[in-house]
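Novice: Here it is: the structure, laid out below.
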Ligand code: H2U
């Protein structure tokens, strides 16, 4: 019997943040592939579309006119999943039929007045304006709500309905499932080891186990987490202990803009397509939870891209994933190698396109 090798032999890996496991099957990478590999035609997006309500000067569904903004622009979603007002209710008497009222607000944030620009094609100072607005919204909505979820769905394949560069912010009176689990696991780790889990994790990744590290600058590290599930899933983390977006220094925000431009360029270069993903920020909870000890929290951004083999072949989380647990063929280390080797100059700029 050959000795165990994570790049050759099937195994399960533990995600300490989510307290769950992923099945890794590297031997399946050797199977023949007869599926599509070609690159689709990219739809050209006009800089300004008089019918797109996210463009400056265009009328939204509710009749309001989007102002002639020149940087970022935030408005309340006309079709929000969470409303600020509603009757209070709580019923936990029957363990099978628990229910509680939920309140919140949903915002849409445009990154730039031009529809044909994505984050990697923006200048570092334009990206810095996006970061500053993220910090402002998080601080503002965090005064009232326990959780502020900033997220970007990029690409139609991720259900994004509008090509204009934008993200959404949903703030809620309750802690959603994903951060609630991470609050527990990080607290338990902190109590046991006296250091925040993700501070410890980053320290070990950059000092001892560099095979999953993709990019680093003075303040940030971009890596494929050991427990990644999606083929090219990554995390972006500060090097020092930073519980939330509002704890970032001016220099860290500038360094964040710089590393975001590079990492998003590498993502686009992988299949020479505007790389679809869902991304978002997780950090210390807010609202009524801001006064508790949140030192166990470490700020991090998560990137979940669905693409697997090419611009057209995506991974489906179905079958075994829905019924048993997540599974991947490409190892985290193989994905890291591919991403690391890509140029950090955008393919569209290489070919002279704007
Ligand atoms: P997505 O493409 O990520 O779904 O974001 C677009 C959001 O913009 C979507 O949630 C909102 C939609 O409800 N929207 C408005 O609030 N008003 C409009 O006039 C158009 C789109």
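The values are calculated or read from the model by the stated rules, or taken from the named source; none is laboratory data. Please read all numbers here as calculations on a predicted model, not as lab measurements. As a convention, Cβ positions derive from the backbone with ideal geometry for all residues, glycine included, and neighbour counts pool all protein chains shown.
Novice: Residue 145 fails exactly one of the following numbered conditions: (1) part of a loop (DSSP other than H, G, I, E, B); (2) surrounded by fewer than 19 Cβ atoms within 10 Å (Cβ to Cβ); (3) touching a helix residue (DSSP H, G or I) at 6+ places or on another chain (Cβ under 6 Å). What is the number of that condition?
Specialist: If we test residue 145 against (1) part of a loop (DSSP other than H, G, I, E, B); (2) surrounded by fewer than 19 Cβ atoms within 10 Å (Cβ to Cβ); (3) touching a helix residue (DSSP H, G or I) at 6+ places or on another chain (Cβ under 6 Å), just (2) comes out false.
Novice: Considering only segment 214-224, I want to know if a residue exists there that is surrounded by fewer than 21 Cβ atoms within 10 Å (Cβ to Cβ), touching a strand residue (DSSP E or B) at 6+ places or on another chain (Cβ under 8 Å), part of a loop (DSSP other than H, G, I, E, B) and modelled with pLDDT of 95 or more.
Specialist: There is at least one residue in segment 214-224 that is surrounded by fewer than 21 Cβ atoms within 10 Å (Cβ to Cβ), touching a strand residue (DSSP E or B) at 6+ places or on another chain (Cβ under 8 Å), part of a loop (DSSP other than H, G, I, E, B) and modelled with pLDDT of 95 or more.
Novice: Could you grab the pairs with beta carbons closer than 7 Å, sequence gap of 6+ or different chains, first residue in segment 57-70 and under 14 Å from residue 47 (Cα atoms), second one within 9 Å of the ligand (Cβ to nearest atom)?
Specialist: 57/66; 58/52; 58/66
Novice: In addition: Being closer than 19 Å to residue 104 by Cβ and either crowded, with 19+ Cβ neighbours inside 10 Å or more than 16 Å from the ligand (Cβ to nearest atom) (or both) is the requirement here; does residue 180 meet it?
Specialist: yes
Novice: Let me ask another. Restricting the search to segment 129-142, which residues are crowded, with 20+ Cβ neighbours inside 10 Å and either in contact with a helix residue (DSSP H, G or I) (Cβ under 6 Å, 6 or more places away or on another chain) or under 18 Å from residue 264 (Cα atoms) (or both)?
Specialist: 130, 134, 138
Novice: Residue by residue through segment 13-52, note down the ones that are surrounded by fewer than 11 Cβ atoms within 10 Å (Cβ to Cβ) and modelled with pLDDT of 90 or more.
Specialist: Once the filter is applied, which keeps residues that are surrounded by fewer than 11 Cβ atoms within 10 Å (Cβ to Cβ) and modelled with pLDDT of 90 or more, segment 13-52 yields 50, 51.
Novice: Can you spot a residue in segment 123-141 that is within 12 Å of the ligand (Cβ to nearest atom) and either under 22 Å from residue 84 (Cα atoms) or not in a loop (DSSP other than H, G, I, E, B) (or both)?
Specialist: no
Novice: When you check residue 339 against the structure, is it touching a strand residue (DSSP E or B) at 6+ places or on another chain (Cβ under 6 Å) and under 25 Å from residue 30 (Cβ atoms), yes or no?
Specialist: yes
Novice: Does at least one position in segment 264-272 carry a residue that is at positive phi and either touching a residue at least 60 places away in the same chain (Cβ under 8 Å) or surrounded by fewer than 19 Cβ atoms within 10 Å (Cβ to Cβ) (or both)?
Specialist: Checking segment 264-272: at least one residue is at positive phi and either touching a residue at least 60 places away in the same chain (Cβ under 8 Å) or surrounded by fewer than 19 Cβ atoms within 10 Å (Cβ to Cβ) (or both).
Novice: I'm told residue 71 meets every condition in (1) out of contact with any helix residue (DSSP H, G or I) (no Cβ under 8 Å at 6 or more places or on another chain); (2) surrounded by 11 or more Cβ atoms within 10 Å (Cβ to Cβ) except one. Can you identify the failing condition by its number?
Specialist: The single condition residue 71 does not satisfy is (1).
Novice: Additional query: At least 2 residues that are modelled with pLDDT under 95 and closer than 22 Å to residue 117 by Cα in each: list the helices (runs of 4 or more DSSP H) lying fully within segment 247-354 that qualify.
Specialist: Filter on segment 247-354 gives 347-350.
Novice: Here's a follow-up. So how many residues does segment 234-259 have that are in contact (Cβ under 8 Å) with a residue 60 or more places away in the chain and farther than 19 Å from residue 197 by Cα?
Specialist: Result for segment 234-259: 6.
Novice: In segment 154-177, what residues are part of a loop (DSSP other than H, G, I, E, B) and within 12 Å of the ligand (Cβ to nearest atom)?
Specialist: Hits for segment 154-177 are 155, 159, 160, 161, 162, 163, 164, 165.
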